[in-house]
1. I'm checking my understanding of the structure. Among residues of the range 141-175 that are in contact with a Leu (Cβ under 8 Å, 6 or more places away or on another chain) and among the hydroxyl-bearing types (Ser, Thr, Tyr), which one is farthest from Thr228 (Cα to Cα)?
2. Of all residues being small (Gly, Ala, Ser) and assigned to a helix (DSSP H, G or I) in the range 437-486, which is nearest to Ile535 (Cα to Cα)? Just the residue, please.
3. Which condition number does Gln170 fail, the rest of (1) farther than 20 Å from Gly287 by Cα; (2) polar (S, T, N, Q); (3) assigned to a helix (DSSP H, G or I) being met?
4. In the range 26-47, which residue that is buried (at least 19 other Cβ atoms within 10 Å of the Cβ) and of a type in the set (A, V, I, L, M) is farthest from Glu134 (Cα to Cα)?
5. Name the single residue that is surrounded by the fewest Cβ atoms within 10 Å (Cβ to Cβ) among those in the range 462-472 being closer than 13 Å to Pro507 by Cα and touching a residue at least 12 places away in the same chain (Cβ under 8 Å).
6. Find all pairs meeting these conditions: Cβ atoms under 7 angstrom apart; at least six residues apart or on different chains; first residue within the range 24-44 and closer than 19 Å to Phe63 by Cα and in the same structural domain as Phe70 (by TED's automatic domain parsing); second residue of a type in the set (Asp, Glu) and not in a loop (DSSP other than H, G, I, E, B).
7. Kindly provide the set of residues from the range 53-73 that are modelled with pLDDT of 90 or more and surrounded by 12 or more Cβ atoms within 10 Å (Cβ to Cβ), ordered by number.
8. Scan (1) outside the structural domain of Gly291 (by TED's automatic domain parsing); (2) at pLDDT 90 or above for the single condition Leu159 breaks and write down its number.
Amino acid sequence: MGVDAATVREAYESVLRQLVDHLGIDFSFLRHNDFEARATLLTAEWPPRLSVPDPDPLAVVKFEDADSVFKLAETLTEPAVFRPNPEQEGYRLRVEQGSGLSATSMSVVPLLHSGRTTGILGLIKVGDRSWSEEELNALKAIAALLSQLQSRVIAEEQLRFAALHDDLTQLPNRTALTQHIHNRLDVSMPGPVAVMHIDLDRLKALNDFLGHAAGDRFLKTIADRLRTFVGTTAGIVARLSGDEFVVVLAGPCSARVATHHAEVIADAITAPVTLGVERISRSASIGLAFGEPGRHTAELLLRQADQAALVAKRAGGHDIALFTDEMHADSRLRNDVEIHLRDAIAGDSLTLYFQPEVDLVSGRVTAVEALVRWQHPTRGLLPPSAFIPVAEETNLAGELGRWVLDRACRTLADWQREIPELDISMRVNISPVQLVTNGFVATVARALTEFSITGRRLCLEITEVAVVQDLSRTRVTLRELRELGVQVAIDDFGTGYSSLSHLKELPVDALKIDRAFVAELGNGATGDLAIVQSIIGLADAFGLNIIAEGVETQSARQTLIELGCTRAQGFLFSKPVSTDAALAILHGVRIDI
């Protein structure tokens, strides 16, 4: 039988119709069993009833409430025949026939699969009718074919369900979600269509602490909560992968309404989940995007919602972000960078700029900071903020860092050959990823040896984030660097998480005051003044050098001198400049301040 799930009902009715015609009976029906619900379900009937009540009492009949015939559907294994004779006068099946009810005869044949009764085929004749053995055998054969068809349709439906649903949560998967959004974006549909990308925060910590089985139970609970939400809004929820879900809100939806729904979902997700003896709570980063039918595609809308969720997560998580044109531009840039950065490192597209550090009293250049730039073929000169975060996310930070270190050391060596009396340090920024990478100290040692630079001429700048990310590994690395004579400075000090114990334990040489606290010095910014004064006091207490960043005014310079900070860098002295321009400054040795 060339039948599938879409045409099976028509096939069932065709078989029932032929049986009615061939056997000269009045009515036939097919019922299938729902084992979980312990009920018999009406699948097809012939001829169709002229008037069907709502709800239909024959549609679903629980076995526990069924009369003797319907109860047979649960366990019948051989055909059963009922006739209106004295031996069975307690049995009367009522069939509506025009103006009255008549006594009937009936044959009920079980549908069997793997030794289990999966349904019944029923044939009814108003009045009395005998059923020959040949007829019953033929009906058994037909029932066997119907059972095979039923099994095939069930298998097909299971395969279709598996293809369109997530195995763990039973939610629609990406394929089903994409098709749903595609339909919603049809030009004939109303818009805008709101798509919500939900990324659970810190699920890995839960898996690491309680195990993946507990993590799976947590995900199923969150899926149930999302399913409950969309059940009240007629939307759809799908699981993309891992800890990512998508909700498509029903009907046209404004940003205000969608944001409100996102807040409701965020609260539902945050509610604690009991896993054994633990009560676990996780927040979510949610991104919202809106598509107009006829103008957007499902793929674009999903990508935009995902980008918005990434923005929410980068902001610290537990946040809601709406997709904007600025996000689109940033995403295009990040994608461009990710695709071409490796070639840029291997080629000649990267370059170093250098910003002098000066003595605030004498104007003498004491150091230069190496700052990487990328001469992009279509976007022009890109600052490090445009590509270093991407390098760290794509495992290119180590490769990029080695390029910067080598080029900075090579440049310092060239300058020392041209200016033998040059007495400066080369400052190189080190990412948190580099600092805890195996072999990092060996890389530094090799660069010093290759370019004949003494360790005291090199200062590596690390952030407070790098310090606390892996404190034990950082401590070992910094001690090994000190053995090479290399200096270490904590960059952007005051904006991160360092504590006094870190300053006491870690072998660092200098603190660099973040520009955010320096820019307004001398202009009445008492808060900044107090912070800078405290940092300078800490540096003195621990015997550390202090350097201020972002000095742009004479008043800031003078205030720093009065506070006891005599080394700084900033636009007041020089912007980052090319290698040749930096060399020209170094030939002058001093900067006019």
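The values are calculated or read from the model by the stated rules, or taken from the named source; none is laboratory data. Since this is a predicted model, take the numbers as computed values, not measurements. Cβ placement follows ideal geometry from the backbone for every residue including glycine, while neighbour counts extend to all protein chains displayed.
1. Ser147
2. The extreme case among them is Ala466.
3. (3) is the only condition that Gln170 fails.
4. Ala39
5. Leu471
6. Phe29/Glu45; Asn33/Glu74; Arg38/Glu64; Leu41/Asp34; Ala44/Glu13
7. Leu58, Ala59, Val60, Val61, Lys62, Phe63
8. (2)
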